[in-house]
1. Leaving out ligands and nucleic acids, note down the accessible area per residue over the chain with a 1.4 angstrom probe, in whole Å².
2. Could you tell me the calculated FRET efficiency between E18 and K73, based on Cβ-Cβ distance and R0 = 30 angstrom, to the nearest 0.05?
3. Taking only Cα atoms, what is the 0 to 90° angle, nearest 10, from helix 8-22's long axis to the longest principal axis of the chain?
4. In whole percent, and with a 1.4 Å probe on the protein chains, what portion of the accessible area of the chain is carbon and sulfur?
5. Give me log10 I(q)/I(0) at q = 0.12, 0.14, 0.22, 0.29 Å⁻¹ for segment 1-59, Debye formula, one equal scatterer per alpha-carbon, no solvent.
6. Please sort by residue number the GluC sites (Glu not before Pro) in the chain whose DSSP state is loop and whose Cβ has at most 10 other Cβ atoms within 10 Å.
7. On a 0 to 90° scale, report how tilted helix 53-69 is relative to the longest principal axis of the chain, with both axes built from alpha carbons and the result rounded to the nearest 10.
8. Under 10 Å, Cα contacts only: if you run a Gaussian network model on the chain, which one of I62, I22, I31 comes out with the highest mean-square fluctuation?
Amino acid sequence: MKKPSKTAGELEASIKVEMEDICDWPTDMTISIQPDGDSWKVAVSQEGSEDDADRREMIEQIAARLKAEYDLK
């Protein structure tokens, strides 16, 4: 069965909403959704010298779940 599709912007917004339910969204962190073969992946970038590995991992987990539910338009 084909999965429903969302745009990159919709997927980014979904990830941010879920993250904001868990913790504050860091102002120096951005995400982008990129095509990856037949699927998509999330790229996380953070400015500054401090790497927030915990938030980065949470974003990856949310993206993995969403990837199983949605295709990229």
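The values are calculated or read from the model by the stated rules, or taken from the named source; none is laboratory data. Since this is a predicted model, take the numbers as computed values, not measurements. FYI the Cβ positions are ideal-geometry reconstructions off the backbone, even for glycines, and counts take in every protein chain you see. Just the protein is used for accessible areas: all its heavy atoms, side chains included, with ligands, DNA and RNA removed. Shrake-Rupley method; radii C 1.70, N 1.55, O 1.52, S 1.80 Å.
1. For the chain, the solvent-accessible area averages 66 Å² per residue.
2. Rounded to the nearest 0.05, the efficiency is 0.95.
3. Relative to the chain, helix 8-22 is tipped by roughly 50 degrees.
4. Here carbon and sulfur together make up 47 percent of the probe-accessible area.
5. -0.32, -0.43, -0.94, -1.33
6. When the GluC sites (Glu not before Pro) of the chain are filtered for loop state and at most 10 Cβ neighbours within 10 Å, E47, E50 remain.
7. That works out to roughly 10 degrees.
8. Its mean-square fluctuation being the largest, the pick is I22.
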